[in-house]
Every structure is written in C-alpha cells, then in structure tokens.
Amino acid sequence: MKSILEFAARHVEPSLKRSLAIKLLARGVDRGKVSTCLGISPALLTRYIKGERGLHDFMRIKDVDERLDKLAEEVASRRKCGPDAYTELLNLTFYVLYKKYACGIHYVATRDVNPAKCNACPALFGKLFE
C-alpha cells in the first residue's frame, strides 16, 4: 500500500488548496494575496483556476465545504496567512482522511486499498478530532 501521506499530498491537499483558492477569489481577494497566503506560485494558482491541479471536489461534502468557507473567511479578513493558513489546511486534509471522504479516490489512484476494510486513517487521525 502506498503511503497515506503521499496519497494525501498528491490528491487531497492540492484539491483542498484549489477549493480554498477558488473561494478566496470569489470573495474578491486578489491573486497575489491568494498566492502569498497559500504559499503557492502564481503559475500554480493559474493551474488550480484552470482545473489542471487539485482535481477532486471536496466542496460537495457539506462539513468540508463549511470548514473551507470558515478558512476562506479567515484568510480573506487577514486573520490567517502563510504558515497559519497552511496549518489549517493540513488539519482539514487530516479531517478528510479521518472521515474516510477520500477512500474512493485512494482506491482509484492506487488499487491497493479496500475502502470497506481499511481503517488506517480513522485510527491514525482519530485523536485529532475526537
């Protein structure tokens, strides 16, 4: 089985970062500020906007979308930026893994995990959210 953290870094985190970037732009935050606060290059921000990176839509999951909205508001109001925003994004990444919202994506990406039987993420990240 591939590393859960490697999977998260390739699939979950970029998708959440893309969603956050889109929410910030929708709030009128300029692209330079979005790039700075999220710690990404302007070129990567463009790839997020075009849908070339961060391909999975976690905004369709209500509690994830609400958490993204809260973080977007904190970044837009300048309460979180840089490392603080990244820490919150990592926390959200671990939350998505803990809730098993990414299991189907993990299965499709690697074919080496059975989502029905695997309980690795809830076991690893459960103490963060219980």
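The values are calculated or read from the model by the stated rules, or taken from the named source; none is laboratory data. Keep in mind it's a predicted model, so treat the numbers as computed, not measured. No Cβ is skipped: glycine too gets one built from the backbone with ideal geometry, and neighbour counts run over all protein chains shown.
Looking across region 65-83, the residues that are of a type in the set (Lys, Arg) and either assigned to a helix (DSSP H, G or I) or exposed (fewer than 14 other Cβ atoms within 10 Å of the Cβ) (or both) come down to Arg67, Lys70, Arg78, Arg79.
Determine whether Leu20 is over 19 Å from Gly104 (Cβ atoms) and either surrounded by 20 or more Cβ atoms within 10 Å (Cβ to Cβ) or in contact with a strand residue (DSSP E or B) (Cβ under 9 Å, 6 or more places away or on another chain) (or both). Working first, answer last.
Values: over 19 Å from Gly104 (Cβ atoms): yes; either surrounded by 20 or more Cβ atoms within 10 Å (Cβ to Cβ) or in contact with a strand residue (DSSP E or B) (Cβ under 9 Å, 6 or more places away or on another chain) (or both): yes.
When the stated conditions are applied, Leu20 passes them.
Filtering region 2-47 to residues that are out of contact with any helix residue (DSSP H, G or I) (no Cβ under 8 Å at 6 or more places or on another chain) and of a type in the set (Val, Ile, Thr) leaves Thr36, Thr46. Picking from residues in region 44-64 that are assigned to a helix (DSSP H, G or I) and in contact with a Phe, Trp or Tyr (Cβ under 7 Å, 6 or more places away or on another chain), the one that is nearest to Val12 (Cα to Cα) is Phe58. Scanning region 89-110 for any residue that is on the phi > 0 side of the Ramachandran plot, touching a helix residue (DSSP H, G or I) at 6+ places or on another chain (Cβ under 9 Å) and at pLDDT 95 or above turns up at least one such residue. Annotation for region 117-125: no member residue is surrounded by 14 or more Cβ atoms within 10 Å (Cβ to Cβ), in contact with a Lys or Arg (Cβ under 8 Å, 6 or more places away or on another chain) and aliphatic (A, V, I, L, M). For region 74-93, the count of residues that are out of contact with any His (no Cβ under 7 Å at 6 or more places or on another chain), of a type in the set (Val, Ile, Thr) and farther than 15 Å from Leu38 by Cα is zero. Residues of region 24-43 that are under 17 Å from the mean Cα position of the chain (by Cα), assigned to a loop (DSSP other than H, G, I, E, B) and in contact (Cβ under 8 Å) with a residue 40 or more places away in the chain: Gly39 alone. The residue that is surrounded by the fewest Cβ atoms within 10 Å (Cβ to Cβ), counting only those in region 23-47 that are over 12 Å from Ala76 (Cα atoms) and of a type in the set (A, V, I, L, M), is Ala43.
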